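Right, one structure below, let's go through it.
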Amino acid sequence: MNILITGGAGFIGTNLARALVHGGDSVTLLDNFSPQIHGSNDQLPEDLRSAVRLVRGDVRDESIWTAAVRDQQVIVNLAAETGTGQSMYEVAKYEQVNLAGTSLLYDRLAKQPGHGVERIVVASSRAIYGEGAYTCPNHGLVFPQPRSSAEKKAGSFDPVCPVCAAACVSVPTPETAPCQPSSFYGLTKQVQEQMTLLFGQVLGIPSVALRYQNVYGPGQSLKNPYTGILAIFSNLARTGVDINIFEDGEESRDFVYIDDVVRATVASIHSADTTSFAANVGSNERTTVMHVAQSVNRYFGEKSKIHISGVFREGDIRHGVADLTRAKAKLNYDPSVRFQEGLKNFLAWAEESEPELDGYQRSLNELESRGLLHGRKI
Ligand SMILES: NC(=O)c1ccc[n+]([C@@H]2O[C@H](COP(=O)([O-])OP(=O)(O)OC[C@H]3O[C@@H](n4cnc5c(N)ncnc54)[C@H](O)[C@@H]3O)[C@@H](O)[C@H]2O)c1
């Protein structure tokens, strides 16, 4: 098939492109090599240079879509700004790239009947859920509201039951959970997903929104200081700089290995299912941020001190773990890489790459100067 991947020079895009080329598909990548992600390197990895067609351009540029969409049967829409914290002050940029960019895609398709696009896959995110699913001893399954700054400032980080304010316990979040994102990034992903499913229906293009959890693995950007805690912690641990953990370190994430994400995405591209739907793509494994910091620090010889800071970022959620029942049913998806195994692969790769430190401190300073980083040392 002819497949266009927007944001195709990024972490997920390059890994997906390799798998598709390997499977015999003809792949085009559209990317502007955003310096925040790529630094000064505006080239594709060597193995992809002759294997794919590259369209250099910005999804905010209407004219780029004409060239990119021509003759495509499938579009995988990955191009995005991806920093949760950064989205809270670079609001217009996130709106333009993540929403206006996707609007231009649908403008092009709507104005060009006979375009030949048969399927669209969009990268959605677990960020659309906000705090996600919990069980309350009194009210069963509940979906807490975003946590208030006042509670977090008082050192109380766990969401409470939205009905009775009792302490509740995080459980895997299903796709039926309400969308109540805690960050503007999450809101852009929610709207991008809904646009994809809406226009998929209107234009008769089966469309799939993949709600990726925290994707990690070799090849992820070590340069982007706004996202990816594995990259951030490994940059710090390698160079012996102290690691300050937000909140109390007990916050947790569902880290999903890149190979599993690629398999789910390929399955959604080649699926015979003509319905449109959203599905979680995760590991269903819960890992605390403290465990990540300790594992990364241990790998690099425990040169860094780990501090629990009690500081918190506006926009962050407390816990995230995906319910994968729908992904299994629709995409025959089962994650195959456990966190400890994937982490080893990631760290072995990161060790061989150039660390990047300046950006992370700058990103924290930006948050602090905008009043988006709060809290006390605990
Ligand atoms: N990595 C994760 O943990 C994760 C989790 C949930 C969702 N997602 C989503 O998956 C998608 C891909 O993520 P990734 O991890 O590969 O990110 P990435 O930052 O590695 O890749 C994004 C790519 O998009 C390109 N890009 C950015 N702005 C652009 C623009 N205006 N025009 C053209 N290209 C542009 C960048 O240059 C980059 O190559 C994103 O939509 C992201 O929101 C990722």
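Structural remarks
- P(r) histogram, all alpha-carbon pairs of the chain included - 20 Å bins from 0, percent: 29, 60, 11, 0
- Positive-pole candidate from SER336, SER148, SER34, dipole of region 2-375, charges at beta carbon: SER336
- Given charges at beta-carbon only (K, R positive; D, E negative), |dipole| of region 148-212 in Debye: 140
- Projected label distance in nm at ASN138 and ALA67, using a 7 Å step from Cα toward the beta-carbon: 6.1
- GLN361-THR274 FRET efficiency (beta carbon distance; Förster radius 41 Å; 0.05 resolution): 0.25
- On Cα atoms only, tilt of 11-22 relative to the major axis of the chain in degrees: 40
- Size of region 188-325: Rg and Dmax of its alpha carbons, in Å, are 17.8, 56.
- Under the convention that each Lys and Arg Cβ holds +1 and each Asp and Glu Cβ holds -1, the size of the dipole of the chain around its Cα centre is about 280 debye.
- Between the Cα long axis of helix 101-110 and the first principal axis of the chain there is an angle of about 30°, rounded to the nearest 10.
- Cα-based convex hull volume of region 13-159 per residue, rounded to whole Å³: 185
- Annotation for region 275-378: GluC sites (Glu not before Pro) lying in DSSP loop with at most 11 further Cβ atoms inside 10 Å of their Cβ are GLU352.
- Top of ALA79, ALA177, ALA327 by mean-square fluctuation, Gaussian network on the chain, Cα under 10 Å: ALA177
- Considering only beta bridges that DSSP places wholly inside region 2-375, some 25 percent are antiparallel.
- When the square roots of the Cα gyration tensor eigenvalues are ordered a ≥ b ≥ c, the ratio a/c for region 1-96 is 1.5 or more and a/b exceeds b/c, which makes its shape prolate.
- 222 nm mean residue ellipticity, helices alone, for the chain (DSSP H n ≥ 4; -39,500 (n - 2.57); rounded to 500): -10000 deg cm²/dmol
- Highest-MSF residue in the chain out of SER309, SER124, SER252 [GNM, Cα springs under 10 Å]: SER309
- Test item: Cα-centred dipole of region 211-354, Lys/Arg +1 and Asp/Glu -1 on Cβ, debye: 160
- Using alpha-carbon coordinates, inclination of helix 258-270 to the longest axis of the chain, degrees: 30
- Global geometry of region 147-221, whether rounded, prolate or oblate, following the gyration tensor of its Cα atoms and the 1.5 cut on a/c: prolate
- Among ASN138, ASN244, ASN284: highest mean-square fluctuation, GNM of the chain, C-alpha pairs under 10 Å: ASN138
Bear in mind these aren't lab numbers, they're just calculated from the coordinates by the rules spelled out. Just so we're clear, the structure is a prediction, and the values are computed from it rather than from any experiment. Note that each Cβ is placed from the backbone with ideal geometry, even for glycine, and that neighbours are counted across all protein chains shown.
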